[in-house]
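One structure is given below, encoded as structure tokens.
The values are calculated or read from the model by the stated rules, or taken from the named source; none is laboratory data. Note that this is a predicted model, so its numbers are computed, not measured. A quick note on method: Cβ atoms are made from the backbone with ideal geometry, for glycine too, and the neighbour counts reach across all protein chains shown.
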Amino acid sequence: MSGESATAIHKGQVDLLDFIDWTGVECLNQSTTHSLPNAIKQGYREDEGPEDEGPKTVKLFTNKEHMGFSNVNDYPPSDTAVLSPENLKGKPTLLKYVKFQNVRSLTIFIEDNQTDSEVTKVQKILLIGSTVETTDMKGLKKIEDH
């Protein structure tokens, strides 16, 4: 790579792991041998590569608590990411910044996987962003309506 890892953190952004309230973390339909906190907390080797069952379409919902399979289609997602094999190997997926301001909770819905098989495998979830405390308000430009 060109001196920058695929999951490099840009200036002003941090790994949001330390800001997660683990008492509120819930994962529906997870394997009993590999929990969601393990996928977020543990690293993986870059040479492992994604399984064919790696996530493909991922819908993200902000500040919608108590969501489940029965009501996930009742709300429009804040953003939808269609992951490529490169994303599964560590290439960051950029989201719409304006949709992720003042986030108190995040629901991640994995709709399908790379091969449309019945089982989807998640090896690692890395959340990178800015907290209110680390946002440089002077660096933000005012957007005026015309």
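Please work out if Lys138 is outside any loop (DSSP other than H, G, I, E, B), at pLDDT below 90 and of a type in the set (Lys, Arg).
So Lys138 passes the test.
Do we find that Phe69 is outside any loop (DSSP other than H, G, I, E, B) and among the hydrophobic types (A, V, I, L, M, F, W, C) in this structure?
no
Asp18 versus (1) acidic (Asp, Glu); (2) part of a loop (DSSP other than H, G, I, E, B); (3) without any contact (Cβ under 8 Å) to a residue 12 or more places away in the chain: which is the lone unmet condition?
Result: Asp18 fails condition (2) only.
Here is a list of conditions, (1) at pLDDT 90 or above; (2) more than 28 Å from Asn38 (Cβ to Cβ), and Lys99 meets all of them except one; can you say which number that is?
Only one criterion is unmet by Lys99, namely (2).
Quick one: in the stretch 60-108, of everything that is touching a Phe, Trp or Tyr at 6+ places or on another chain (Cβ under 7 Å) and among the aromatic types (Phe, Trp, Tyr), which residue is farthest from Gln30 (Cα to Cα)?
Tyr75
So Ile110 ticks every box in (1) at pLDDT 90 or above; (2) surrounded by 11 or more Cβ atoms within 10 Å (Cβ to Cβ); (3) over 11 Å from the mean Cα position of the chain (by Cα) but one. Which box is left unticked?
The one condition Ile110 does not meet is (3).
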